Amino acid sequence: GAGGLAMSLYANHRQKAQPQTTPVAKSDLARFAVGPLAALETPSELKPAPEYVFRDRNGTAVRFSAFKGKVVVVFFGYTQCPDFCPTTLTEWLDVKKRLGAKGDLIQPVFITLDPERDTPSILKAYMAAFDPSFLALVPTLDELPELAKRYKVYYKKVITDTPGNYTMDHSAGT
C-alpha cells in the first residue's frame, strides 16, 4: 500500500485569546523534512484544517480545533499496510524527536482507510508501537468518502485470492 498525507495548521480566530505557544518555524521543520514537508516554500503553504469531529482510538470525540497552534500532519492509511504506512509513521516519529521540545508542536493524525478492520483497540495497539501522542482516527464508512475527497486521497478495497481477505489500495502521494 501507499499513503496520502496532508498538512494543516489549525487557526481559529473567533475563539477568545488563548495562551500562545511558540509556532514551529519552517526553518525548524525544513531541517528534518521528509516527503511534502521538504517542498514547502513558505509557512503560508500550510492550510487551515477543515473542522471535523472523529472518534479516536479510545472512542472519544476529537475536533481538529483542539490542535490550535500546532502543525497537524494528516496521514491516511491502514494498519495492515505492509510498507508505506509504518515507514511514514516512523519518519514522523523521527521528525518529532529531532525537533526536540518543538516536536510537541506537531500533531500526527493517522486516519484509517479501513474502519471495518481497524477497530479502536487495533489502532490503539498500532499507534503505541510508534508514539502514544500520535492520534488515530476512525471515520465511519459513510464519512470516509467525503473525507478522502476533501483531502484528495484515493482508496479502494481490493479483494484478494484468499477467501474473506482483502487489501487496501490507496494514494501514493506523501
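Of the residues making up region 56-96, those that are out of contact with any Lys or Arg (no Cβ under 6 Å at 6 or more places or on another chain) and among the charged types (D, E, K, R) are Asp56, Arg63, Lys68, Lys70, Asp83, Glu91, Asp94, Lys96. Just to check your reading of the model, which residue among Arg57, Arg63 is at pLDDT below 85 and open to solvent by 80 Å² or more (accessible area, probe 1.4 Å)? Unique residue meeting the criteria: Arg63. For region 157-168, the condition holds for no residue, the condition being that it is outside any loop (DSSP other than H, G, I, E, B), under 21 Å from Glu51 (Cα atoms) and either open to solvent by 50 Å² or more (accessible area, probe 1.4 Å) or not charged (D, E, K, R) (or both). When you scan region 149-156, do you find a residue that is of a type in the set (A, V, I, L, M, F, W, C), out of contact with any Leu (no Cβ under 6 Å at 6 or more places or on another chain) and open to solvent by 50 Å² or more (accessible area, probe 1.4 Å), even just one? Within region 149-156 (the criterion being of a type in the set (A, V, I, L, M, F, W, C), out of contact with any Leu (no Cβ under 6 Å at 6 or more places or on another chain) and open to solvent by 50 Å² or more (accessible area, probe 1.4 Å)), the answer is no, since none of the residues qualifies. Residue count for region 116-147 under the criterion of being out of contact with any Phe, Trp or Tyr (no Cβ under 6 Å at 6 or more places or on another chain) and assigned to a helix (DSSP H, G or I): the result is 12. One residue is enough: does region 105-114 have a residue meeting the conditions of a type in the set (A, V, I, L, M, F, W, C), farther than 18 Å from Cys81 by Cβ and assigned to a strand (DSSP E or B)? Within region 105-114 (the criterion being of a type in the set (A, V, I, L, M, F, W, C), farther than 18 Å from Cys81 by Cβ and assigned to a strand (DSSP E or B)), the answer is yes, since at least one residue qualifies.
The values are calculated or read from the model by the stated rules, or taken from the named source; none is laboratory data. Remember, predicted model here, so these are calculated numbers, not experimental data. No Cβ is skipped: glycine too gets one built from the backbone with ideal geometry, and neighbour counts run over all protein chains shown. SASA here: full protein model, heavy atoms, side chains in, ligands and nucleic acids out. Shrake-Rupley method; radii C 1.70, N 1.55, O 1.52, S 1.80 Å.
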